Amino acid sequence: MFGPREDRFLLIPLHLTLSSDEQAQVFRKASKGKRKIVLSTNIAEIQPVPEIHRIPLEPFLLRIKTLETFRGQSLKEVLRSTIEPPSDENIDAAKERLVDVGAFDLEEQLTALGYHLAALPVDVRIGKLMLFGAIFQCLDSVLTIAACLSYKSPFVSPFNKRDEAESRKRLFGIANSDHLTMLNAYRKWKETSKRSRYAANCYAEENYLSTKTLHTIDEIKQQFLELLVSIGFVPLDFSSRREKFVKDELTGTEINSNGENNRLLVAIL
């Protein structure tokens, strides 16, 4: 009865592992003379939580302050006009974080730092770290740390080799800082990768580092650098060609002159 030969029914599955396009097929009209039957899990019962309640509000508040449309209105006035406004508590907490990071003054106005952060589509703490890396001429090191913070640590800890993995990790330790430890491990892997990909993979395996994570960190660094270039904070030109990020070779030695200064890096962090 339901087979394609009968051509009487349009059978459509609906479950979470389908792509958005496949899920959208449930709204497709059946042709004349056919009956549509949707075979669904309870996915149809789920009203996803509105994005404004799921994401950090800081970038949204910064964006509001850059728009002329909302000049003269308070942040709460603007947000209360949305379809499903966030709570006053969440708004106040986001404002407090922006004041703490130096993006807002006490009157909810953008500071000079806030204008730059508003142009960077990243977490405000990561954005401030990136800007400070450019200002204090330790850009490559800071972009590595920012990429790790935005993604995850390159260190892995297999269940049956945790002690060995931890002892290897301690060999990279600097100043009791997890951030500088990740930076040191990344630098050594990057240096090894100049010899060959095979050497880099072996080095990562021996030191309980994830090659996939390290390559992702590389890609995120490239994206972060392009963001800084796009707002005029780093004097580079990407318009003619897209290059892979290599320490000091892409950004130049001048903007990395303090890249090995661990005390400065700790202070920035």
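Each principal axis of the Cα cloud of segment 100-250 was evaluated for its coordinate range; sorted largest first, these ranges are 54, 39, 22 Å. Distance between the 7 Å Cα→Cβ label points at residue 14 and residue 37: 1.6 nm. Compute the FRET efficiency between residue 231 and residue 1 as 1/(1 + (r/R0)^6), taking r as their Cβ-Cβ distance and R0 = 45 Å, and round to the nearest 0.05. That pair, residue 231 with residue 1, gives E of 0.10. Per residue, the solvent-accessible area of segment 2-67 (1.4 Å probe, heavy atoms of protein chains only, all protein chains present) comes to 80 Å². Please tell me the relative contact order of the chain in percent, rounded to the nearest whole number, where contacts are Cα pairs under 8 Å and at least six residues apart. Contact order relative to length: 15 percent. Comparing segment 138-187 with the 2.2 N^0.38 Å rule of thumb, its C-alpha radius of gyration ratio is 1.18 (two decimals).
Under the combined filter of DSSP loop state and at most 11 neighbouring Cβ atoms within 10 Å, segment 5-52 retains these GluC sites (Glu not before Pro): 6. Spacing of the modelled spin labels on residue 196 and residue 66, each 7 Å from Cα toward Cβ, amounts to 4.7 nm. Annotation: the chain has a Kirkwood hydrodynamic radius of 22.6 angstrom, from the mean reciprocal C-alpha pair distance. Counted residue by residue at 0.36 nm each, then reduced by the alpha carbon distance between them, the extension gain from residue 73 to residue 177 reaches 33.2 nm. Between the C-alpha center of segment 1-21 and that of segment 57-100 there is a gap of 44 Å. Of the trypsin sites (Lys or Arg not before Pro) found in segment 110-197, those that fall in a DSSP loop while having at most 14 other beta-carbon atoms within 10 Å are 152, 194, 195. Solvent-accessible area assigned to carbon and sulfur over the chain amounts to 51 percent, based on a 1.4 Å probe. Taking every DSSP beta bridge that has both ends in the chain, the antiparallel portion is near 35%. Using the Cβ-Cβ distance between residue 21 and residue 215 with R0 set to 22 Å, the FRET efficiency from 1/(1 + (r/R0)^6) comes to roughly 0.15.
The values are calculated or read from the model by the stated rules, or taken from the named source; none is laboratory data. Fair warning: this is a prediction, and the values are worked out from it, not measured in the lab. Backbone-built Cβ (ideal geometry, glycine too); neighbour counts: all protein chains shown. In case anyone asks, the SASA skips ligands and DNA or RNA and just uses the protein heavy atoms, side chains included. Shrake-Rupley method; radii C 1.70, N 1.55, O 1.52, S 1.80 Å.
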